[in-house]
1. Evaluate region B:46-67: report whether one residue or more is among the charged types (D, E, K, R), surrounded by fewer than 22 Cβ atoms within 10 Å (Cβ to Cβ), closer than 21 Å to B:Trp125 by Cβ and in contact (Cβ under 8 Å) with a residue 24 or more places away in the chain.
2. Restricting attention to region B:12-19, does a residue exist that is of a type in the set (Gly, Ala, Ser), surrounded by 22 or more Cβ atoms within 10 Å (Cβ to Cβ), modelled with pLDDT of 95 or more and in a strand (DSSP E or B)?
3. What number of residues within region A:5-64 satisfy the criterion of being open to solvent by less than 80 Å² (accessible area, probe 1.4 Å), touching a Ser or Thr at 6+ places or on another chain (Cβ under 9 Å), in contact (Cβ under 8 Å) with a residue 24 or more places away in the chain and hydrophobic (A, V, I, L, M, F, W, C)?
4. Does B:Ser95 qualify as being within 12 Å of chain A (Cβ to nearest Cβ), assigned to a loop (DSSP other than H, G, I, E, B), over 13 Å from the mean Cα position of the chain (by Cα) and closer than 12 Å to B:Thr190 by Cα?
5. How many of the residues making up region B:19-51 are under 15 Å from the mean Cα position of the chain (by Cα) and aliphatic (A, V, I, L, M)?
6. Filter region B:100-119 down to the residues that are closer than 16 Å to B:Pro201 by Cβ and either surrounded by 21 or more Cβ atoms within 10 Å (Cβ to Cβ) or at pLDDT below 95 (or both) and list them by number.
7. Which residue, of B:Glu143, B:Glu93, is surrounded by fewer than 24 Cβ atoms within 10 Å (Cβ to Cβ) and either out of contact with any helix residue (DSSP H, G or I) (no Cβ under 7 Å at 6 or more places or on another chain) or among the acidic types (Asp, Glu) (or both)?
8. Taking interchain pairs and intrachain pairs at least six residues apart, which have beta carbon atoms under 7 angstrom, with the first residue in region B:136-164 and within 13 Å of chain A (Cβ to nearest Cβ) and of a type in the set (A, V, I, L, M) and the second surrounded by fewer than 22 Cβ atoms within 10 Å (Cβ to Cβ) and in a helix (DSSP H, G or I)?
Amino acid sequence: MTAFTATVTVRLKRGVLDPEAETTQRSLERLGFELNDLRSADVFELDLDADSAEDAADRAEEMAERLLANPTIHDYDIEVTETE
Amino acid sequence: MTIAVIQFGGSNCDRDSVQALASLGFDAELVWHEDGLPEDVDGVVLPGGFSYGDYLRAGAMAARSPIMAEVREAASEGTPVLGICNGAQIGCESSLTPGAFTTNESARFQCEHVHLRVENANTPWTSQYDEGEVVELPIAHGEGRYEISDDRLDELEAEDRILFKYCDENGEVTPEANPNGSKHSVAGVTGENDHVAVMMPHPERATLSDLGRTDGQGVLTGFAE
């Protein structure tokens, strides 16, 4: 078994309104920053022991499907690295 | 006729629901989620509140608690289930009903009275009203914007699964009368079968005449159908 860190990034699907991101963008603009768009995302870092990176990714995917993301409004991606 | 009102950590409309149901002659009881669903219940209310502090997403944690597996099983066997506000979020998160309730367009918590148009009066929850009738109920939520793919929403409309839409006092569904940016102004939907339903507005807060309007009575009366 090897120690891995699976990083799950959960984003709103394109086209789904993100009022918090819009508010954050407006606030940055009020501070004088210029930007075209702002998207927010949730990042979960999962430390787990697995036989392979693929195995770690599979388990992280199941966690995303079952809880971390809501498939109605979210997309997600997963990156796996060996834990240092 | 015993109706179980499920209490999660952070539920806060549980006792209101029991009181409102009792005023209509129902035998309603609080059920702590860890105690499991009693075997002989004839109905289930998922009440409003802030279960698990709305961690992750409103309703996400409660939807995955063991009692919800029992609620889904009871629902599949025909037991009526009504999710209100946080209970609606829990219902969608647990796939009892389609779609998701997410952050209001305003990005703010909103506590106000709204007008609703009855879209389908042929469900247990709306049979006390006429189709097109306008009722007034309170809302109190920060994550009530109904979100779902356009295709799926068209299907729900075609299947007559929309219970209520936000409207103005004349029954016109307009962007201005939509308090939270919900797609198609949807305020409540039914599950696969119409004995399962969720809605963001609070019928239990508009049931006791001491509190003013009683427009919500008709929804709760659905448990008798």
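The values are calculated or read from the model by the stated rules, or taken from the named source; none is laboratory data. As the structure is a computational prediction, the values presented were derived from the model and not from experiment. Every residue, glycine among them, receives a Cβ derived from its backbone with ideal geometry; neighbour counts consider all protein chains shown. When the accessible area is computed, the model is the full protein with side chains, heavy atoms only, and any ligands, DNA or RNA have been set aside. Shrake-Rupley method; radii C 1.70, N 1.55, O 1.52, S 1.80 Å.
1. No; the residues of region B:46-67 include none that is among the charged types (D, E, K, R), surrounded by fewer than 22 Cβ atoms within 10 Å (Cβ to Cβ), closer than 21 Å to B:Trp125 by Cβ and in contact (Cβ under 8 Å) with a residue 24 or more places away in the chain.
2. So far as region B:12-19 goes, no, none of its residues is of a type in the set (Gly, Ala, Ser), surrounded by 22 or more Cβ atoms within 10 Å (Cβ to Cβ), modelled with pLDDT of 95 or more and in a strand (DSSP E or B).
3. Going through region A:5-64 one residue at a time, the tally reaches 11.
4. The answer is yes for B:Ser95.
5. So the count comes out to 5.
6. Passing the criteria: B:Phe101, B:Asn104, B:Val114, B:His115, B:Leu116, B:Arg117, B:Val118, B:Glu119.
7. From the options B:Glu143, B:Glu93, the qualifying one is B:Glu143.
8. That search, which allows pairs on different chains as well, returns B:Ile148/B:Lys183; B:Leu153/B:Lys183; B:Leu153/B:His184.
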